[in-house]
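Trainee: One structure coming up, written as structure tokens, with questions to follow.
The values are calculated or read from the model by the stated rules, or taken from the named source; none is laboratory data. As the structure is a computational prediction, the values presented were derived from the model and not from experiment. Here the Cβ positions follow ideal geometry from the backbone for every residue, glycine too, while neighbour counts run over all protein chains shown. SASA here: full protein model, heavy atoms, side chains in, ligands and nucleic acids out. Shrake-Rupley method; radii C 1.70, N 1.55, O 1.52, S 1.80 Å.
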Amino acid sequence: MSAQAAPAHATVQAAEQGGVLLKLVIFSLSLGIVPLTSYFASEKYVWNGNSTFAAITAIVAANVVLVAYIISSVRDDKAEREATKPSESRKDR
Amino acid sequence: MSSCPPYAPFFGFAGVASSMIFSTVGAAYGTSKAGIGIAGLGQFKPELIMKSLIPVVMSGIIAVYGLVVSVLIAGGLDPAQDYPLYSGFVHLGAGLACGLTGLAAGYAIGIVGDSCVRAYVRESKVFVAMVLILIFAEVLGLYGLIVALIMNSRASEARCS
């Protein structure tokens, strides 16, 4: 990488790290909070005390959080690659 | 010998504890082993770290499976009601089923996560294969959870004689 691109890259990295950390914290907390709240809420209000269905609801909620994480990380990676590609092609010309 | 001895809740609570303990051991192994690979990857390509954290999140899901089964079994334990030894054994079996399958799944996720994350540094097409293998490793814990749910739903069938 050329010396001109290094400062821009460093500022982009610094700006990204704050956002990345926040996203990770949100996902970690939701991975703990979402299944438990969905278990107790669905047991009380949706399934009328049937705890097996409430457990299934909690597991589905946990897997939804997982899939959301995978999709958001793939999308972030794609957006980042689109952002760095046009600047490099302009330099080649 | 009655079918509701006073030591029956020992097995019920042992089921609650074993579900949480063993699945957490599996999740801890998975997190740490995958973390070793991510620390290696982060030196060379830090922009790939968010995608390579997927094994760690999947290990967390294994621990959530154990947590949900613990909460489920503990919700069926009530000192005010009769607790036959049959229910104690069913709860113990459910806890062990979920806990030990979570241990197996976490072990698999750790090893797969470590190697695939290291390979992802050089070849980006490994990512899809990694996610597929991790999904197969995680459904092992899901099978244990399903068996635990089925067993737990039959825990209230016996009566005190």
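Trainee: For helix B:54-75, report the angle its Cα long axis makes with the longest principal axis of the Cα atoms of chain B; keep it between 0 and 90° and round to the nearest 10°.
Mentor: 10
Trainee: What spacing in nm lies between the two simple spin-label points modelled at B:V147 and A:V74, each 7 Å away from Cα in the Cβ direction?
Mentor: 3.1
Trainee: Here's something else I'd like to know. What value in Å³ per residue do you get for the convex hull of the alpha-carbon atoms in the range B:1-69?
Mentor: 62
Trainee: I'd like to check one number: the per residue accessible area of chain B, probe 1.4 Å, reported in Å² as a whole number.
Mentor: Ligands and nucleic acids excluded, the figure is 46 Å² per residue.
Trainee: Separate question: If you take the charge dipole of the protein assembly as shown about its Cα centre, with +1 on Lys and Arg Cβ and -1 on Asp and Glu Cβ, which of A:V34, A:N63, B:S18 is farthest toward its positive end?
Mentor: A:N63
Trainee: How much accessible area does A:L21 have with a 1.4 Å probe, in Å² rounded to the nearest 10?
Mentor: Accessible area of A:L21: about 110 Å².
Trainee: Taking chain B as the reference, fit the longest principal axis to its C-alpha atoms, fit the long axis of helix B:85-120 to the helix C-alpha atoms, and give the angle between the two in degrees, 0 to 90, nearest 10.
Mentor: Once rounded, one gets 0 degrees.
Trainee: Rounded to the nearest 100 Å², what is the sum over both chains of accessible area buried where A meets B, with a probe of 1.4 Å?
Mentor: 2100
Trainee: If you line up the long axis of helix B:8-44 against the longest principal axis of chain B, both from Cα atoms, how many degrees apart are they, to the nearest 10?
Mentor: Around 0 degrees separate the two axes.
Trainee: Which cysteines does chain B leave without a neighbouring Cys Cβ under 4.7 Å?
Mentor: Taking the Cβ cut-off of 4.7 Å, the unpaired cysteines of chain B are B:C98, B:C116.
Trainee: Assigning unit charges at the beta carbon (Lys, Arg +1; Asp, Glu -1) and nothing else, what dipole magnitude in debye, to the nearest 20, does the protein assembly as shown show about its Cα centre?
Mentor: The calculation lands at about 640 debye.
Trainee: Let me ask something additional. Whenever you get a sec, compute what percent of the accessible area on the range B:45-111 sits on carbon and sulfur atoms (1.4 Å probe).
Mentor: 70
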